[in-house]
Amino acid sequence: MDIDRIIEKAGGADEIAALAGVGLEAVRKWRQSRMVPTKHWPALLRVPGIALQDLTADLTAPQTPQEQERETDVSNPCPPGANAALVLADGTVLWGRGFGAHTEGAVGELCFSTGMTGYQETLTDPSFAGQIVTFTFPHIGNVGTNADDNEAPKMAALGAVVKEDITAPASWRSHEPLAAWLSKHGRAGISGVDTRAITRTLRDSGPQTAILAFPENGRIDTDSLLNRARQWPGLEGMDLAKEVTQPKRIWTEGVWETTRPARTENRRRVVAMDYGAKDNILRCLVTAGCDVTVLPATATAEEILELKPEGVFLSNGPGDPAATGTYAVPAIRTVLDANVPVFGICLGHQLLAQALGGKTYKLERGHRGANQPVKDVETGRVEITSQNHGFAVDEKSLPADVKVTHVSLFDGSNEGIASTTKDAFSVQYHPEASPGPSDSFYLFERFVAIMDRRAKAGA
């Protein structure tokens, strides 16, 4: 492609100068030398219709018939070696190498996770429904996958974005490579992209809608993908709990660590509301001393109370808590009025806050990863926590009989509340971890201690 055609495709001299971060004098020199310096190629490759071979070709030579045909075929502008694309709603196009299942385009909210372990647990966390996960840790897939590390029966995230190509597994626990595992779940991944650049974009500009395409025929129409990304409504107002919840079931499995044996005496009857519950939350409840019955997100208060629970647990989950709250909050309020202890995590925290009279809002930047510092405001203790949420409780909306118990040391947002009139408390983070530290397991024991106290008092 001639240098003048490259400038034209970028929108003109002013546009290409702004895109590359240079002045018009630099663009004039590009025309004079008939070439673009290599350091500016990544910026120009974001422009639909400009491919790597256009920048590496002899820009003074006339186009071959094949080059002319490729230039008029907007459905296949992939640079050499690329067969997948991540297109952001702001117009950014990132080329890479696809793996897993082929897809014409999975559209959702692009986010990043800072965890250095547990990519399989992250991808199967139901809280990631509706989202494409960018991993900031460069080595993803190196230990393969196995049946034990799933946090739900199927992959919840829409796709995975990683820096390095997936390598062969190097772990005795691996059952199959990550790419094969993704294929079984009908999900795609893309490697070879600048995950640091994505993270900076999300950090500085907030959540971005994106679409990940890995078509089987290798033909990618970036204009069409961009239009689809811009038409996606976003997570606000979206109820995804109904999509990830599971039918009623009894859960009996405890945590794996032999250093934390399960309590066997005076076990407490607990109903766990499944708004997208991770399996390790249920394991922690069992180990702490609970006999757990799991009900789907849409279960009514009557269905909950019919089981005569000594406590009700509200799980994590995806989507907008205000949308899920239209049916979940009335049930929770009835449970609270029945004087049953309540413990919530993540989405369950947000739903409890609504049931107690508070409101929620969407964060400018979500918290996702296994290294998030949280302060207990009563003890001053700082816990390193695992988190995955894009919404938060508005502390200013909380009534006088609800106190703040935990705050984020990243941005000061709410991380925990407790009622001063009822046995009800919740945290925004994930005390069950998986992946992440187990600093906060004591919260499960606190929940059981409340039920123990009430049982001893004959409540």
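How big is the antiparallel share of DSSP beta bridges in the range 366-459, given as a percent to the nearest 5? Mind dumping the intermediate values first?
Working: 19 of 19 bridges.
Of those bridges, close to 100 percent are antiparallel.
Sorting SER386, SER174 by accessible area puts them as SER174, SER386; the probe is 1.4 Å, largest comes first, and only protein heavy atoms count. Relative to the longest principal axis of the Cα atoms of the chain, the long axis of helix 442-457 makes an angle of roughly 20 degrees.
Please give the calculated 222 nm ellipticity per residue for the chain, where each DSSP H segment of at least 4 residues contributes -39500 (n - 2.57) and the sum is spread over every residue; nearest 500 deg cm²/dmol? Mind showing how you got there, number by number?
On the way: 16 runs with 137 residues, N = 459.
Calculated mean residue ellipticity at 222 nm is -8500 deg cm²/dmol.
Each residue of the range 260-266 was assigned a 3J(HN,Hα) from its phi angle through the Karplus expression (A = 6.51, B = -1.76, C = 1.60, θ = phi - 60°), giving 10, x, 6, 5, 10, 9, 6 Hz with x at Gly and Pro. For LYS39, the lysines whose Cα falls under 20 Å of its own Cα, not counting residues fewer than eight places away in the same chain, are LYS9, LYS29, LYS163.
Under the classification rounded if a/c is under 1.5, otherwise prolate if a/b is larger than b/c and oblate if not, where does the range 132-251 fall, given a ≥ b ≥ c as square roots of the Cα gyration tensor eigenvalues? Mind showing how you got there, number by number?
Numbers: a/c = 1.66, a/b = 1.16, b/c = 1.44.
Here the range 132-251 falls in the oblate category.
With contacts taken as Cα pairs under 8 Å and at least 6 residues apart, the range 183-316 reaches a relative contact order of 23 percent. Candidate cross-link partners of LYS359 among the lysines, defined by an alpha-carbon separation under 17 Å and a same-chain spacing of 8 or more, comprise LYS396, LYS403. The slack in the chain from GLU364 to ASP194, taken as 0.36 nm per residue of separation less the alpha-carbon distance, amounts to 59.0 nm.
With respect to the chain, whose longest principal axis is taken over its alpha-carbon atoms, helix 279-288 is tilted by about 30°.
Which parts of the range 430-459 would a label at ARG269 reach, counting a residue when its backbone N lies under 14 Å from a point 7 Å out along Cα-to-Cβ? Under cut-off, by backbone N: 455, 459. The residues packed around TYR327, meaning those with a beta-carbon under 15 Å from its beta-carbon, carry a net charge of -4 if Lys and Arg are +1 and Asp and Glu are -1.
Given an 8 Å cut-off on Cα distances and at least 6 residues of separation, report the relative contact order of the range 300-372 as a percent. Relative contact order of the range 300-372: 38 percent.
Against the main long axis of the alpha-carbon atoms of the chain, helix 321-337 sits at an angle near 10°.
Output the relative contact order of the chain, whole-number percent, from Cα pairs under 8 angstrom with separation of 6+ residues.
Values: 1068 pairs, mean separation 57.4, N = 459.
Averaging sequence separation for qualifying contacts and normalising by length gives 13 percent for the chain.
Amide H to amide H, with H built 1.01 Å from N, GLY344 comes under 5 Å of LEU314, PHE425, SER426, VAL427, counting only residues 5 or more places away or on other chains.
Could you compute the net charge surrounding HIS102? Neighbours are other residues with a C-beta less than 14 Å from the C-beta of HIS102; K and R count +1, D and E count -1. The partial results should precede the final answer.
Values: positive: ARG97, LYS184, ARG187, ARG219; negative: GLU104, GLU216.
It works out to a net charge of +2.
The values are calculated or read from the model by the stated rules, or taken from the named source; none is laboratory data. None of the values given here were measured: they were computed from a predicted structure. In this analysis, Cβ positions are derived from the backbone assuming ideal geometry, glycine residues included, and neighbour counts consider all displayed protein chains. These accessible areas exclude ligands, DNA and RNA; they are computed on the full protein's heavy atoms, side chains included. Shrake-Rupley method; radii C 1.70, N 1.55, O 1.52, S 1.80 Å.
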